[in-house]
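The values are calculated or read from the model by the stated rules, or taken from the named source; none is laboratory data. Since this is a predicted model, take the numbers as computed values, not measurements. Cβ placement follows ideal geometry from the backbone for every residue including glycine, while neighbour counts extend to all protein chains displayed.
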There are 2 protein chains.
Amino acid sequence: MTAKLADAQPTSTGTEEAEAATAIRGMRERIDEIDAELIRLWQERASLSHQVGATRVASGGTRLVLSREREILDRFRDALGADGTQLALLILRAGRGPL
Amino acid sequence: MTAKLADAQPTSTGTEEAEAATAIRGMRERIDEIDAELIRLWQERASLSHQVGATRVASGGTRLVLSREREILDRFRDALGADGTQLALLILRAGRGPL
């Protein structure tokens, strides 16, 4: 994915000013690294969360633990505000797997 | 935040089976680490993205670059499917700042 993007036509920086364009390209490089890491962590987290659910169900436990979901919702909302709530809802849904 | 959670009443594992409960607690520890890293990366990314926008506007450029937003949308959708699209839309909104 990264290689494919690097080979493609470089994405416009949206400015004609050379110094600004260079600064933007530098910041975008770091953003691209962050995105790769976000994707990696997202996949690892979803896999762990599915394992937690499968372990619980296999041992005769509940499918979900709502107090744990509430804890995670609070964690993201406290750190990131309204965006954190949206992010946590997405993370929790990805972690539950098919209901 | 982590300290506060650790001090609180431990969250139920949702199972009565000791071995399963231990496994779940171990996986949750790693999930908690991942969440802390997701939050850190989210904040760094939003800050960088705001800087990119400010740099562009200050140099007389456009406020947004839609081809770059499309690239990011594709990246998350390719890696994470429908969840990736939702995640990218949230990330892009957080990165745009107040319009």
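At-a-glance table
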{"read-out": "Checklist (1) at pLDDT below 95; (2) among the β-branched types (V, I, T); (3) more than 26 Å from B:R93 (Cβ to Cβ) applied to A:V52, failing item", "value": "(1)"}
{"read-out": "Residues being within 12 Å of B:I91 (Cα to Cα), more than 7 Å from chain A (Cβ to nearest Cβ) and surrounded by fewer than 18 Cβ atoms within 10 Å (Cβ to Cβ) - total across segment B:37-49", "value": "2"}
{"read-out": "Boolean, A:R30 is crowded, with 18+ Cβ neighbours inside 10 Å, in contact with a helix residue (DSSP H, G or I) (Cβ under 8 Å, 6 or more places away or on another chain) and at pLDDT 95 or above", "value": "no"}
{"read-out": "Pick from segment B:62-87, criterion more than 9 Å from every other protein chain (Cβ to nearest Cβ) and hydrophobic (A, V, I, L, M, F, W, C), ranking: nearest to B:H50 (Cα to Cα)", "value": "B:L66"}
{"read-out": "Filter result (hydrophobic (A, V, I, L, M, F, W, C) and at pLDDT below 90) within segment B:1-23", "value": "B:M1, B:A3, B:L5, B:A6, B:A8"}
{"read-out": "Residue in segment A:77-95 that is part of a helix (DSSP H, G or I), more than 27 Å from B:I72 (Cα to Cα) and touching a residue at least 24 places away in the same chain (Cβ under 8 Å) present", "value": "no"}
